[in-house]
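**Q** Below is a structure I'd like to ask you about.
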Amino acid sequence: MYDYLIVGAGLFGSVFAREMTDAGYKCLIIDKRPHTGGNVYTEKKEGIDVHMYGPHIFHTSDDKIWAYVNRFTRFNHYVNRPKVYYKGKIYSFPINLFTLYQLYGVKTPAEAQKKLEEVRVPIKNPKNLEEWVLSQVGREIYETFIKGYTMKQWMCDPKELPTFIIRRLPIRLTFDDNYFNDCYQGIPVDGYTAMMERIQEGIEVRLNTDYFADRDYFDSLARKVVFTGKIDEFFGYRFGELEYRTLRFEHEMHEGDYQGNAIINYTEYEIPYTRICEHKHFTFGQQANTIITKEYPEAWSKGKEPYYPINNERNNTIYKQYAALAEELKGKYIFGGRLAEYKYYDMHQVIGSALAKAKKEIELQKTTHS
């Protein structure tokens, strides 16, 4: 008999299992995929750690979480500086003073500020994504960096999207092109899979094991179940299906160096993929060959891999109904992670959530058995 059955070998499940195991509890992790690590899984090809489900750059300003992950791997000094390809030209990104120099020839923060004030479209109360971007940076920046990319990514007109999707877009009046503002940033030197295996060390892990194939059996194996999968699937879709953005990845091998940078975004609508990642640049590789991945957004349907929750009003209303059911089951089930909480999480946030829930569970067990 196990104390905890963890459904899902991704970050949330693995960190939770690590903490409970270290506290003296017996855990079993199961995952329907043939590999561990969830979406952070990396695979060695041509001596390169290939991010099989899209690039994962670890970044955080939380000292405790940074110290925690460094128990399981060593991080390199990779800093995310993506570039943008639009109509045959390459631009610095995120939008910074060099980008504005490329577009307008401005060379100082004051010149850039003045230019942005000139090009902004006066819209008092922006009602959608397009209006908000036009009101902040004008039409040229919108057309070059936002419009086509957004149409591809969300598969709808930016006029139909809420403003909150884009409000985090950084516009910098300095030459800082670091995508993130966090204190710590990097990539595991030996790949995420090695990191995940160290987190799971000493814990039983069963792969190619589908919880829903025999749910009653798996539930009977442990006193409590930690579920990290899709919450709507857990409850048999009784309130309807939650929607996700999904992606298709095409991996290619080439000789030499393909694009000279880890990530280049393709913002033209006419180019079907949203970005190309060249994986050896995440670890400053000098391999003779190179692996690239083209990312294609795809329409979501049940059975496809869910990546990003679509937190619009309809989906959030459905999720609240599922969350209420989950609350009623908290004596036996713990729900955590991106899919179970229907929430966009960065890696450090998933780890923080797992550590917090594990701590709460350990305290609960102490209280119950004292």
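**Q** Considering E204, E243, E197, which residue is open to solvent by 50 Å² or more (accessible area, probe 1.4 Å) and at pLDDT below 95? Even if it seems obvious, please write down each step before you answer.
**A** Details: E204 fails: at pLDDT below 95; E197 fails: at pLDDT below 95.
Result: E243 is the single residue among E204, E243, E197 that is open to solvent by 50 Å² or more (accessible area, probe 1.4 Å) and at pLDDT below 95.
**Q** Here is a follow-up. Within region 125-144, can one find any residue that is touching a residue at least 24 places away in the same chain (Cβ under 8 Å), surrounded by 15 or more Cβ atoms within 10 Å (Cβ to Cβ), charged (D, E, K, R) and more than 23 Å from Y296 (Cα to Cα)?
**A** Checked against the condition, which is being touching a residue at least 24 places away in the same chain (Cβ under 8 Å), surrounded by 15 or more Cβ atoms within 10 Å (Cβ to Cβ), charged (D, E, K, R) and more than 23 Å from Y296 (Cα to Cα), region 125-144 yields at least one hit.
**Q** Let me ask something else. Of the residues D31, D3, only one is modelled with pLDDT of 95 or more, closer than 14 Å to L207 by Cβ and charged (D, E, K, R); which? Lay out the reasoning, then the answer.
**A** Numbers: D3 fails: closer than 14 Å to L207 by Cβ.
Answer to the selection: D31.
**Q** Just checking, does region 247-257 include any residue being free of Cβ contacts under 8 Å to residues at least 60 places away in the same chain, open to solvent by less than 70 Å² (accessible area, probe 1.4 Å) and part of a loop (DSSP other than H, G, I, E, B)?
**A** Scanning region 247-257 turns up at least one residue that is free of Cβ contacts under 8 Å to residues at least 60 places away in the same chain, open to solvent by less than 70 Å² (accessible area, probe 1.4 Å) and part of a loop (DSSP other than H, G, I, E, B).
Here's the yes/no breakdown for (1) among the small types (G, A, S); (2) within 22 Å of the chain's Cα centre (by Cα); (3) not in a strand (DSSP E or B):
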{"site": "K64", "(1), (2), (3)": "no, yes, yes"}
{"site": "F72", "(1), (2), (3)": "no, yes, yes"}
{"site": "Y78", "(1), (2), (3)": "no, yes, yes"}
{"site": "E111", "(1), (2), (3)": "no, no, yes"}
{"site": "K114", "(1), (2), (3)": "no, no, yes"}
{"site": "E117", "(1), (2), (3)": "no, no, yes"}
{"site": "I123", "(1), (2), (3)": "no, no, yes"}
{"site": "G138", "(1), (2), (3)": "yes, no, yes"}
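**Q** Right, next: Can you tell me which residue is farthest from I292 (Cα to Cα) among those in region 258-270 that are in contact (Cβ under 8 Å) with a residue 40 or more places away in the chain and surrounded by 15 or more Cβ atoms within 10 Å (Cβ to Cβ)? Spell out how you get there, then give the answer.
**A** Residues of region 258-270 in contact (Cβ under 8 Å) with a residue 40 or more places away in the chain: 261-270.
Subset that is surrounded by 15 or more Cβ atoms within 10 Å (Cβ to Cβ): 261-268.
Working: N261: 11, A262: 9, I263: 10, I264: 11, N265: 13, Y266: 14, T267: 18, E268: 19 Å.
Filtering first and then ranking leaves E268.
Yes/no per residue for (1) in a loop (DSSP other than H, G, I, E, B); (2) hydroxyl-bearing (S, T, Y):
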position: I6; (1), (2): no, no
position: F16; (1), (2): no, no
position: T21; (1), (2): no, yes
position: Y25; (1), (2): yes, yes
position: I29; (1), (2): no, no
position: K32; (1), (2): yes, no
position: H35; (1), (2): yes, no
position: E43; (1), (2): no, no
position: V50; (1), (2): no, no
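**Q** While we're here: Would you confirm whether any residue within region 104-126 is basic (K, R) and at pLDDT below 95? Explain how you work it out, then say what you get.
**A** As a first pass, look at region 104-126 and keep what is basic (K, R): 107, 114-115, 120, 124.
Filter again for at pLDDT below 95, leaving 124.
Scanning region 104-126, I find at least one residue that is basic (K, R) and at pLDDT below 95, so the answer is yes.
**Q** Can you say whether Y296 is of a type outside the set (A, V, I, L, M, F, W, C), under 22 Å from N80 (Cα atoms) and more than 16 Å from the chain's Cα centre (by Cα), as far as the supplied structure shows? Show your work before the answer.
**A** Numbers: of a type outside the set (A, V, I, L, M, F, W, C): yes; under 22 Å from N80 (Cα atoms): yes; more than 16 Å from the chain's Cα centre (by Cα): no.
Considered against the rule, which asks whether it is of a type outside the set (A, V, I, L, M, F, W, C), under 22 Å from N80 (Cα atoms) and more than 16 Å from the chain's Cα centre (by Cα), Y296 comes out as no.
**Q** Restricting attention to region 271-283, which residues are open to solvent by 30 Å² or more (accessible area, probe 1.4 Å) and within 15 Å of P82 (Cβ to Cβ)?
**A** Those that are open to solvent by 30 Å² or more (accessible area, probe 1.4 Å) and within 15 Å of P82 (Cβ to Cβ): Y273, R275, H281.
**Q** List the residue pairs whose Cβ atoms are under 6 Å apart, where the first residue sits in region 49-61 and is open to solvent by 10 Å² or more (accessible area, probe 1.4 Å), the second is assigned to a strand (DSSP E or B) and charged (D, E, K, R), and the two are 6 or more positions apart or on different chains.
**A** Every condition considered, the pairs that remain are M52/E43.
**Q** Going by the structure shown, is V121 of a type in the set (A, V, I, L, M) and touching a residue at least 40 places away in the same chain (Cβ under 8 Å)? Can you show your working first?
**A** Values: of a type in the set (A, V, I, L, M): yes; touching a residue at least 40 places away in the same chain (Cβ under 8 Å): no.
Answer is no for this residue.
**Q** Report yes if T290 is among the β-branched types (V, I, T), modelled with pLDDT of 90 or more and either open to solvent by less than 60 Å² (accessible area, probe 1.4 Å) or within 27 Å of I263 (Cβ to Cβ) (or both), otherwise no. Steps first, answer last, please.
**A** Numbers: among the β-branched types (V, I, T): yes; modelled with pLDDT of 90 or more: yes; either open to solvent by less than 60 Å² (accessible area, probe 1.4 Å) or within 27 Å of I263 (Cβ to Cβ) (or both): yes.
Spelling it out, T290 is indeed among the β-branched types (V, I, T), modelled with pLDDT of 90 or more and either open to solvent by less than 60 Å² (accessible area, probe 1.4 Å) or within 27 Å of I263 (Cβ to Cβ) (or both).
**Q** Where residues in region 302-327 are assigned to a strand (DSSP E or B) and either in contact with a Leu (Cβ under 6 Å, 6 or more places away or on another chain) or not hydroxyl-bearing (S, T, Y) (or both), which of them is least open to solvent (accessible area, probe 1.4 Å)?
**A** At the first step, the residues of region 302-327 found to be assigned to a strand (DSSP E or B) are 302, 304, 308-309.
Still in the list and also either in contact with a Leu (Cβ under 6 Å, 6 or more places away or on another chain) or not hydroxyl-bearing (S, T, Y) (or both): 302, 304, 309.
Values: K302: 114, K304: 77, P309: 10 Å².
By that ranking, first place goes to P309.
**Q** Next up: Taking the stated definitions as given, is D182 open to solvent by 40 Å² or more (accessible area, probe 1.4 Å), at pLDDT 95 or above and in contact with an Asp or Glu (Cβ under 9 Å, 6 or more places away or on another chain)? Reasoning before the result, please.
**A** Details: open to solvent by 40 Å² or more (accessible area, probe 1.4 Å): yes; at pLDDT 95 or above: yes; in contact with an Asp or Glu (Cβ under 9 Å, 6 or more places away or on another chain): yes.
Yes; evaluated as a whole, the condition is true for this residue.
The values are calculated or read from the model by the stated rules, or taken from the named source; none is laboratory data. Bear in mind the structure is a predicted one, so any value in this text is a computation, not a measurement. Glycine gets a Cβ as well: all are built from the backbone with ideal geometry, and neighbour counts include every protein chain shown. The area values use the complete protein model at the heavy-atom level, side chains included, leaving out ligands, DNA and RNA. Shrake-Rupley method; radii C 1.70, N 1.55, O 1.52, S 1.80 Å.
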